[in-house]
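Student: Below: one structure in structure tokens.
The values are calculated or read from the model by the stated rules, or taken from the named source; none is laboratory data. Bear in mind that the values here come from a model prediction, so they are computed numbers and not experimental data. Here the Cβ is made from the backbone with ideal geometry for all residues, glycine too, and neighbour counts use every protein chain on show. Just the protein is used for accessible areas: all its heavy atoms, side chains included, with ligands, DNA and RNA removed. Shrake-Rupley method; radii C 1.70, N 1.55, O 1.52, S 1.80 Å.
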Amino acid sequence: MKVPYSWLKDYVDITLEPKELAERLTMAGLEVVSIEEKLGDQVFEIEVTSNRPDWLSIIGVAREVAAICGRKLKMQNALACQAQPGQAKCKTQEKSGKDLPLSIKIEDKEGCLRYVGRVINDVKVASSPEWMQKRLEACGIRPVNNVVDITNYVLLEYGQPLHAFDYAKLAGGRIVVRRAVKDEEITAIDGRRIKLDSDVLVIADEKKPVALAGIMGGLESEVTGTTKDVLLESAYFDPVITRRSSKKLGTGTDSSYRFERGVDFEGVLTASERAAELIVEICGGVASSKVVDCKEVVPKSKKVFLAPKKANDVLGLRIPEEKQKAILKSLGFTVKKSKGGFDVTAPSFRRDVSLDVDLIEEIARVFGYDKIPVEIAATLNERPVRHKEIEGSKDKIVEDLVKDTLVGLGLNEIITYSLINPKILNNLGLAAEGLIELQNPLSEEQKAMRLSIVPSVLSIISRNINRKNLNLKLFELGRVYYREAEAEREDVHLYIALTGLKCDDWQRKKTNFTFFDMKGILEELFKQLGMEGVSFKEESSTLFSEAQSAAVYRNDEAIGYIGSVKKEVLHEFDIEHEVILAEIEFGALAKHSNLKRCFRGLPKYPSINRDISIVVPVGAASASATSIIKEKGGDLVKNVRLFDTYTGSQIPAGFKGLSFSIEYRDDSRTLVDEEVDAVHSNIKSAIIEALGAKIR
Amino acid sequence: MKDKISEIEKEALAAISGAADAKSVNELRIKYLGRNGVVADILSSLSKAAPEERPEAGRLANSLKNRLTEELRLKEEALKKAAPLEAKGKIDITLPGIKNELGSRHPLTKTIDEISEIFLRQGYNLVEGPEIETEYYNFEALNIPLEHPSRDAFDTFYIKGGHLLRSQTSTMQIRVMEKRKPPLRIIAAGKVYRPDAVDASHSFMFHQLEGFLVDEKVSFAELKGALYLFVKEFFGEDVKMRFRPHYFPFTEPSAEVDISCIICEGKGCSVCGRKGWLEILGCGMVNPNVFKAVRYDTKKYNGYAFGLGIERIAMLKYGINDIRLFFENDLRFLRQF
């Protein structure tokens, strides 16, 4: 809303400089976002909140200025015609020579609660006076002709949209407010041919629609240079119906903006009179005595009881009763003393007030939010819990531990969009079952909720690689969304991705991330979470290369997967480097984590280490050797560590060498070499027998 | 004999003094002190000397041996000291350290964590809830009527069945209050969605943090107090704040909170649009209509609520000028936090 400073001064004696006034308005809830020097005036751009249609007018803002400055609103000035101050004020009651027929019928009483129509005869359509044009332009409205400009001028002044018809173009001198019939058409003032239906409220003459009610007039009946008699419309159109029509037609105007928010029911006639007066004054017409005012009964403003003590309690400061009363009165409220407080009636332009807290806000606003003290609330008499489960929530402690662990291991957290292009799932061969699609997407790229974070992670990797960030260790802990049995579900999943070099320095050999770097990260994560019973099982997947693909199990429950992403999949993202990926269900981590820590005494007796190197077929799993060692070694074996694998010239083709270091220890005494030798040799024979292994 | 010893001493000392490296010192040691060396010769030739000369010569020979041993040791040390450092395993300490970098939490996560921590210390509980919501939780229960212009601020993505992606975290007020009784101190953070075309300051997905407190006799002054603690701790002691009246359907009275611009310290710059103030959050006293939706006794209880946009706060805190950077996840960006 653009408000020229000079226009406000018509209604209030303002002593404040524009900048100071802007500051005061801002702090009273009319945020002045800018002050523009325009046509010799200072024009405020005010952001008006949707609950205050009354501020969409110069008078409404002036009322506020008067209240915060402790001045009176000078309405008599508003009615004084600016054009020629010396002339008589109002000619609307004057009898005109010809009384043109005028009939107004509101057929749709839901859509239109009040319609005031009047005819002004013999106007001379020309340019409007310069002062009016200047004000319109300052407010961002293009001058058209004197009649149209006056309707716009009063719209700005009173916040009441008006429309002027060329009476001669209205068939039968009739105005009917009704819903459009399907397939009726109208050409709007902006030249658009619009097809209508019964959702749209129209103003019609005897034959056809002549205006889109509350939104825009029709081209055919607009006031032009040849217009002689003008029908002036001032109405109250229903906010919801206006909003629906305007959304449907994709047309928002200064009029519809105000009707949607609700104009002042009582102000409909006042604005009509003001405009008629100006037309007579400026365009030289004669107002007909016939003013048709069709109105429905609108419920009176509710009486709201206000206890001044409650106002003070809610705000946390003491504003004297009399001051509270004075503020409300300055804003146009009627305040009557009642038992323990006031009965307050809101003016007709304040439909937003229905509860005492609404009044309390008015008092606080004008009194000044900055006068409310800063108080620290007493502490809650309840143990603050770090996290409590509410629907769909996850355990913040486990979440923090997961993130801390991964960050500690050098991974960078990413956050990606939850909306994706569903096509990518197809391209990746991922199932699109349960996909949730938006009904009003912004574009194909953000058309569906992600079922998996894989596409998002891969596109982030691709983008980074394009920008020469080649070595990446990334994770995202985020939601995936799907529909199951008609209900939408949101699960939190953990994604980890590794690509590029694991070390890239002058001291160490340059090596790429491998499956085992990822496995190590997961193992450390499970360890930090105190999760037991986790195993990795070979399992193929549409996502991973056959050679490197595994599922992660916790006991018998699959909780995720890990593998090297297939070339074909990487190709979709233009990635040429190997990417190792893991996905784990966060729910499983939260559920199976055990954060209790129990100290175990440090060993009192020394341990003895023995190594064992074996040669086994390439396909053999190293884990089977480990389990034989543990089984055969019993309690004495405290730790088994694979410290080398070998294939090459010293070993026949189709075989591999594995070297383990075994730590033997007894918790109750010092072991002697002979005992360990015996156990160690048992282990050797067992491995030879079970795995067909050779000892190196 | 005596002269011979003194001559050998003179010659040996000259040789030691002239030795250029450890190798020559070693050769001299073998020459003079070795098993078949010069000193050993002297000692063995003592038996051939006249008996009356023997004690004196023996003493001199031993003294020579000691003197040469000491001189060789000194020479050796002196040479060691003078040797180039590289030979002693000296390193180039200007070579870069071997990196063992920590990773990083995303700046949005860090911002949420930091803000949460401030409120957790004030006794708030942290909760999370669904992003796919119903009209009821996102609008109706929050006193946002259907087809009202106040919905314009909450443009929304819809999915099948009239469900929607929440356009604000205020949904959590209703979800929590439906399940629990006052007193309550809650914060909830998470993703929200609005159909805004993406540019430097808009995103169709962003994060919010909602906080609310419900109790008996809660005042606006206490709302100011809670946010005062947050602003001072998060943005710094010198930051000024102001509460500006505003409108939100779910609070009454409502306010927007501005802080003095942390870039220009209130003088006016491009970040604050020359105003010297930055809007950081919306807040207010919970509207009784919201309590009615969850069947709280509005005569007994009232409360306050506030909501802030995490991206905006993070952009201000870290001086980030483009919201898209958060979701591009460029490693060079992530590493800065």
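Student: Calculate what fraction, in whole %, of the accessible area of segment B:69-224 sits on carbon and sulfur atoms when a 1.4 Å probe is rolled over the protein chains.
Tutor: Numbers: 3560 of 6410 Å².
Here it works out to 56 percent.
Student: Then there is this: In debye, nearest 20: dipole of chain A around its Cα centre with unit charges on the Cβ of K, R (+) and D, E (-)? Kindly include the intermediate steps, with their values, before the conclusion.
Tutor: On the way: 100 positive and 105 negative charges, 303 e Å.
Computed charge dipole of chain A: roughly 1460 debye.
Student: Enumerate the calculated ³J(HN,Hα) couplings along segment A:537-554 in order (Karplus 6.51 cos²θ - 1.76 cosθ + 1.60, θ = phi - 60°), each rounded to whole Hz, writing x wherever the residue is Gly or Pro.
Tutor: Using θ = phi - 60°, the values come out as 10, 4, 7, 7, 8, 5, 8, 10, 5, 4, 6, 9, 8, 8, 9, 9, 10, 10 Hz.
Student: Then there's this: Are there trypsin sites (Lys or Arg not before Pro) in segment A:590-639 that DSSP marks as loop and that have at most 11 other Cβ atoms within 10 Å, and which are they?
Tutor: Passing both the DSSP loop test and the Cβ count: A:Lys596, A:Arg597, A:Arg600, A:Lys604.
Student: So which of A:Lys72/A:Lys134; A:Lys509/A:Lys596; A:Lys567/A:Lys656; A:Lys371/B:Lys179 end up more than 30 Å apart, counting from Cα to Cα?
Tutor: A:Lys509/A:Lys596; A:Lys371/B:Lys179
Student: Sequence gap at least 6, Cα distance under 8 Å: using those rules, report the relative contact order of segment B:1-85 to the nearest whole percent.
Tutor: Result for segment B:1-85 is 40 percent.
Student: Per the 1.4 Å probe, what fraction of the accessible area of segment A:221-297, in percent, lies on carbon and sulfur atoms?
Tutor: That fraction is 49 percent.
Student: Related question: Could you pull the accessible area for A:Cys503 with a 1.4 Å probe, rounded to 10 Å²?
Tutor: Looks like 10 Å² after rounding.
Student: What do you reckon, how do A:Val176, A:Val672 stack up by accessible area (1.4 Å probe), largest on top?
Tutor: Values: A:Val176 10, A:Val672 70 Å².
From most exposed to least exposed: A:Val672, A:Val176.
Student: Counting only heavy atoms of protein chains, what accessible area per residue, in Å², does chain A have with a probe of 1.4 Å?
Tutor: Result: 46 Å² of accessible area for each residue.
Student: State the cysteines of chain B left without a partner when partners are defined as other cysteines whose beta carbon lies under 4.7 Å away.
Tutor: B:Cys283
Student: What number, in percent, do you get for the relative contact order of chain B if the mean sequence gap of Cα pairs under 8 Å and at least 6 apart is divided by its residue count?
Tutor: Relative contact order here is 15 percent.
Student: I've got another one for you. For A:Gly533, what charge total do you get from the other residues with a beta carbon under 14 Å from its beta carbon, if Lys and Arg give +1 and Asp and Glu give -1?
Tutor: That works out to 0.
Student: Mean residue ellipticity at 222 nm from the helices of the protein assembly as shown, using -39,500 (n - 2.57) per DSSP H segment of n ≥ 4 over the full residue count, to the nearest 500 deg cm²/dmol?
Tutor: The helix-only estimate for the protein assembly as shown comes to -10000 deg cm²/dmol at 222 nm.
Student: How large a share of the accessible area of segment A:454-601, in percent, is made up of carbon and sulfur atoms when the probe is 1.4 Å and the other protein chains stay in place?
Tutor: Of all accessible area on segment A:454-601, carbon and sulfur atoms account for 47 percent.
Student: Quick one: putting +1 on the C-beta of Lys and Arg, -1 on the C-beta of Asp and Glu, what dipole do you get for segment A:465-614 around its Cα centre, in Debye to the nearest 20?
Tutor: Charge dipole, segment A:465-614, about its Cα centre: 1040 debye, nearest 20.
Student: Any residues in segment A:482-509 that have 10 Å² or more less accessible area with all protein chains than in their chain alone, probe 1.4 Å, and which are they?
Tutor: A:Arg483, A:Glu486, A:Glu488, A:Glu490, A:Asp505, A:Trp506, A:Gln507, A:Arg508
Student: Report the relative contact order of chain A, percent, no decimals, based on alpha-carbon pairs under 8 angstrom and at least 6 residues apart.
Tutor: Once normalised by length, the contact order is 9 percent.
Student: Any residues in segment B:228-274 that have 40 Å² or more less accessible area with all protein chains than in their chain alone, probe 1.4 Å, and which are they?
Tutor: B:Arg242, B:Arg244, B:Pro245, B:His246, B:Tyr247, B:Glu252, B:Pro253
Student: If you take the charge dipole of chain B about its Cα centre, with +1 on Lys and Arg Cβ and -1 on Asp and Glu Cβ, which of B:Leu281, B:Pro183, B:Val198 is farthest toward its positive end?
Tutor: B:Pro183
Student: Another question about this same structure. Using a 1.4 angstrom probe on the protein heavy atoms only, line up A:Lys339, A:Lys310, A:Lys473 by accessible area, largest first.
Tutor: Ranking A:Lys339, A:Lys310, A:Lys473 by accessible area, largest first, yields A:Lys339, A:Lys310, A:Lys473.
Student: May I pose another question? For A:Ser127, what accessible area in Å² do you get when you roll a 1.4 Å probe over the heavy atoms of the protein chains, rounding to the nearest 10?
Tutor: 90
Student: Next question. In angstroms, what radius of gyration and Dmax does segment B:98-228 have, counting Cα atoms only?
Tutor: 17.1, 62
Student: If packing is taken as the mean number of other Cβ atoms within 10 Å per residue, what is the order of A:675-688, B:176-189, highest first?
Tutor: The densest-packed peptide leads the list: B:176-189, A:675-688.
Student: How much accessible area is lost when chains A and B come together, counting both sides, with a 1.4 Å probe, in Å² rounded to the nearest 100?
Tutor: Chains A and B together bury roughly 8200 Å² of accessible area.
Student: Ignoring ligands and nucleic acids, what accessible area does A:Asp183 show with a 1.4 Å probe (Å², nearest 10)?
Tutor: Solvent-accessible area, nearest 10 Å²: 90 Å².
Student: Among the listed pairs B:Lys4/B:Lys31; B:Lys23/B:Lys48; A:Lys329/B:Lys217; A:Lys38/A:Lys247; A:Lys527/A:Lys632, which are separated by more than 24 Å between their Cα atoms?
Tutor: Over 24 Å Cα-Cα: B:Lys23/B:Lys48; A:Lys329/B:Lys217; A:Lys38/A:Lys247; A:Lys527/A:Lys632.
Student: May I ask you to work out the translational diffusion coefficient for chain A at 20 °C, viscosity 1.002 mPa s, via Stokes-Einstein with Rh from the Kirkwood sum over Cα pairs, reported in whole µm²/s?
Tutor: The diffusion coefficient I find is 64 µm²/s.
Student: Can you list the residues of segment B:293-337 whose accessible area drops by at least 30 Å² going from the chain on its own to the full set of protein chains, with a 1.4 Å probe?
Tutor: Correct list: B:Phe327, B:Glu328, B:Asn329, B:Asp330, B:Leu331, B:Arg332, B:Leu334.
Student: In whole Hz, with x marking every Gly and Pro, tabulate ³J(HN,Hα) for segment B:240-254 from phi via Karplus 6.51 cos²θ - 1.76 cosθ + 1.60, θ = phi - 60°.
Tutor: 8, 9, 9, 9, 10, x, 8, 10, 10, x, 9, 9, 6, x, 10
Student: Could you put A:Thr253, B:Thr298, B:Thr169, A:Thr15 in order of accessible surface area, largest first, with the 1.4 Å probe and the full protein assembly present?
Tutor: Correct descending sequence by accessible area is A:Thr15, B:Thr298, A:Thr253, B:Thr169.
Student: Work through the residues other than B:Asp238 whose Cβ is under 13 Å from its Cβ and net out their charges, Lys, Arg +1 and Asp, Glu -1. Before the final figure, lay out the partial values.
Tutor: Values: positive: B:Lys232, B:Lys240; negative: B:Glu233, B:Glu237, B:Glu265.
So the environment of B:Asp238 carries a net charge of -1.
Student: Please average, across the residues of B:212-219, the number of beta carbons from any other chain that are within 10 Å of each residue's own beta carbon, and give a whole number.
Tutor: Other-chain Cβ atoms within 10 Å of each residue's Cβ, averaged: 3.
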